[in-house]
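First up is the structure itself, then whatever we jot down about it.
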């Protein structure tokens with residue numbers, strides 16, 4: 001008898017729930033709006049009803065491994081709580097995992113959405129041939145996930161892989177996290193639009209100023225269109241994105257020497273505009289490694305591969321489905337601070 | 001019957017060989033000069049003779065777990081070769097491990113010296129109460145070692161934990177690795193002296209210029225003396241060291257969320273001069289963690305501890321002794337590049 005999971009991707013706008021079997025086959029997917037404004041209890045009730053309906057319907061598909069839930073925000077592995085989530089303010093410090101486990105009588109795994117996406121890419125996407133990879137999710141912010149030995153690396157507080165907050169510019173743009181010059185301030189969709197406004201304000205980007213006055217969609221996507229159409233100021237912005245990614249990824253190459261780094265999220269679709277600068281800088285910024293795109297590898301060499309994600313917006317959903325299928329990890333003890341001993 | 005190892009710390013100037021038992025008790029230590037100029041074969045012969053004499057002498061101390069050798073340079077785990085070492089040029093691409101195993105008929109583990117030091121601190125030093133830590137060794141250069149789940153993390157090419165080459169200043173000082181603005185360019189003994197010369201050359205450090213003309217030892221140690229005596233220019237240099245460390249360590253806190261980061265090597269003894277700036281900046285540079293010195297921890301909280309190493313120059317020797325005592329790690333398969341599949 002095969003095994004399946006139920007996965008939940010709790011986004012700011014959409015709630016997606018799916019039944020996925022252990023081969024990665026999608027059995028069914030439901031999508032509804034996340035009516036966050038109706039409050040936590042309402043959303044949890046809706047979610048549980050939908051999960052329940054999938055559980056009943058797919059009872060014949062095999063054993064239910066559990067329920068994996070990807071949430072936008074920090075999750076505490078030990079307590080199963082959402083610790084901080086700008087999109088789900090009233091979920092903070094509430095025992096979500098326990099509540100859902102109680103309602104459904106099934107094992108629930110709560111995971112940060114960027115970590116879930118990394119696990120999805122590792123299972124069925126760009127990382128399917130490796131057990132070790134880091135993923136950068138370039139969206140409104142920049143999220144990250146690190147997979148080592150086939151497992152997500154959570155760290156002591158379950159808050160590892162905040163790769164968007166590694167520094168790429170010592171005294172750079174202030175970040176919401178309290179620091180300055182974080183990768184997120186140079187490689188997120190938000191940052192791209194900000195950098196375009198900065199360029200216009202500096203008076204050095206008359207072409208962007210024209211575009212902004214015209215009917216071009218002034219978004220990271222619109223700026224990507226301008227870049228591939230040859231607008232130099234827009235190209236320069238994406239070069240900055242590429243350079244920032246190279247400093248961030250280069251640091252991880254030097255620190256972890258993983259075989260693969262995957263770039264996903266909406267901004268990743270502007271790959272053509274930022275990747276050339278990124279690879280050029282990575283050769284300089286990462287210590288003696290042969291960092292290359294997957295189509296430039298030499299047979300038999302241990303290249304570090306930096307590549308685009310393959311699963312699109314489904315990565316998080318599949319990753320959340322995968323989590324309950326994995327047995328206990330080698331490191332199962334909660335990690336303690338030496339100060340607690 | 002107890003177990004013991006023989007450890008070798010092959011430095012640029014000293015060759016230290018010790019027999020250490022599984023409780024970390026030093027059974028015997030031999031120190032000789034490393035006569036590198038007499039060539040690889042000579043050094044290996046001397047080393048093997050010394051190891052052999054310890055093996056014979058301590059035969060009664062228990063079972064020999066193996067021989068651990070810490071070398072200054074990159075080592076390839078798969079082949080047991082030194083891949084690059086400025087101090088041991090004729091050792092490159094030579095099967096050192098195989099040669100020594102053949103000569104002595106015993107299991108040999110070859111390890112980078114900074115990794116060995118991290119393992120030494122983890123076993124008997126600052127990290128003895130945790131299974132997860134990163135260590136920064138601030139010497140002529142800046143080395144690093146990462147311990148996760150009690151094991152060194154080697155990465156795909158055995159070249160992980162090059163923490164001295166993480167970027168802390170996007171367009172900073174050129175580094176020997178080919179990049180710019182690496183931590184090593186702001187936190188090594190070499191960098192400290194360079195920054196002092198830069199300050200003098202800029203004309204903004206007349207007190208340092210006076211010191212340089214006088215009989216003060218113009219080294220990182222001498223500059224530390226000036227700093228604690230109240231010389232503002234010397235203090236400013238150590239503040240830059242602290243800030244650079246904060247950006248580097250902050251990145252690792254955000255990426256790995258380890259419970260402990262240990263700072264060792266000769267420059268660590270200037271802790272008083274750089275640590276206040278480092279902690280101040282770490283609060284800003286690391287995402288939402290409560291990063292603190294060990295004497296400021298609150299009971300029961302999962303603090304990230306940043307602390308000074310405890311084992312001094314013996315860390316690498318004890319770490320090398322520990323390696324053969326550890327059984328096979330969870331990840332025993334050599335890590336492959338997805339490009340090789």
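What to note about this one:
- Being within 14 Å of another protein chain (Cβ to nearest Cβ), within 20 Å of residue B:137 (Cα to Cα) and without any contact (Cβ under 8 Å) to a residue 24 or more places away in the chain holds for only one residue in B:166, B:177, and it is B:177.
- Single residue of B:248, B:316, B:264 found to be within 25 Å of residue A:134 (Cβ to Cβ) and at pLDDT 95 or above: B:248
- All of (1) within 14 Å of another protein chain (Cβ to nearest Cβ); (2) in contact with a helix residue (DSSP H, G or I) (Cβ under 9 Å, 6 or more places away or on another chain); (3) farther than 23 Å from residue B:224 by Cα hold for residue B:135 with one exception: (3).
- Among the residues of segment A:319-341, those that are modelled with pLDDT under 95, over 25 Å from residue A:255 (Cβ atoms) and either buried (at least 23 other Cβ atoms within 10 Å of the Cβ) or facing another protein chain (nearest Cβ under 10 Å) (or both) comprise A:340, A:341.
- All of A:31, A:75 fail the test of being under 22 Å from the mean Cα position of the chain (by Cα) and without any contact (Cβ under 8 Å) to a residue 60 or more places away in the chain, apart from A:31.
- Number of the condition not met by residue B:206 [criteria: (1) out of contact with any helix residue (DSSP H, G or I) (no Cβ under 7 Å at 6 or more places or on another chain); (2) within 11 Å of chain A (Cβ to nearest Cβ); (3) free of Cβ contacts under 8 Å to residues at least 40 places away in the same chain]: (2)
- If you filter segment B:17-47 down to residues that are surrounded by 18 or more Cβ atoms within 10 Å (Cβ to Cβ) and under 20 Å from residue B:90 (Cα atoms), you find that the one that is modelled with the highest pLDDT is B:47.
- If you go through segment B:209-219 and keep only what is without any contact (Cβ under 8 Å) to a residue 12 or more places away in the chain and either out of contact with any helix residue (DSSP H, G or I) (no Cβ under 9 Å at 6 or more places or on another chain) or in a helix (DSSP H, G or I) (or both), you end up with B:209, B:210, B:213, B:214, B:215.
The values are calculated or read from the model by the stated rules, or taken from the named source; none is laboratory data. On a predicted model such as this, the values are computed, not experimentally measured, just so you know. Note: ideal-geometry Cβ built from the backbone for every residue, glycine included; neighbour counts use all protein chains shown.
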